[in-house]
1. Can you tally the net charge around A15? Count Lys and Arg as +1, Asp and Glu as -1, for every other residue whose Cβ sits under 12 Å from the Cβ of A15.
2. Sort the following peptides by mean Cβ neighbour count (other Cβ atoms within 10 Å, averaged over residues), highest first: 6-13, 54-61.
3. Amide H to amide H under 5 Å from T60: which residues, 5+ apart in sequence or cross-chain, H placed 1.01 Å off N in plane?
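Only the coordinates and a few stated rules stand behind these numbers; no lab work does. Everything quoted here is computed from the prediction, not taken from an experiment. Don't worry about glycine lacking a Cβ; one is built from the backbone with ideal geometry, like all the others, and counts go over all protein chains shown.
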Amino acid sequence: MTKIQEEVLKPGQKAPQSGIYECCSPTSCGHRFSTDVVGHRLPPLPADCKGGGWRLQQPTPHTHDK
């Protein structure tokens with residue numbers, strides 16, 4: 001696990017890397033996922049989520065259209 005993958009990001013923070021983010025909850029809340037692009041703001045957590053933020057689960061490359 002990389003340093004970025006260990007970091008818990010709050011809703012509204014900018015995604016440091018493109019990828020799939022998972023709600024980091026101390027108890028299973030149904031594995032909520034958000035796919036985000038580097039620099040975009042992370043969305044609010046679902047109302048029934050018990051997590052404190054988002055954690056990068058799977059980094060993905062981001063390519064810009066030319």
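1. +2
2. Ranked from most to least packed, the peptides come out as 54-61, 6-13.
3. For T60, the qualifying residues are S18, G19, I20.
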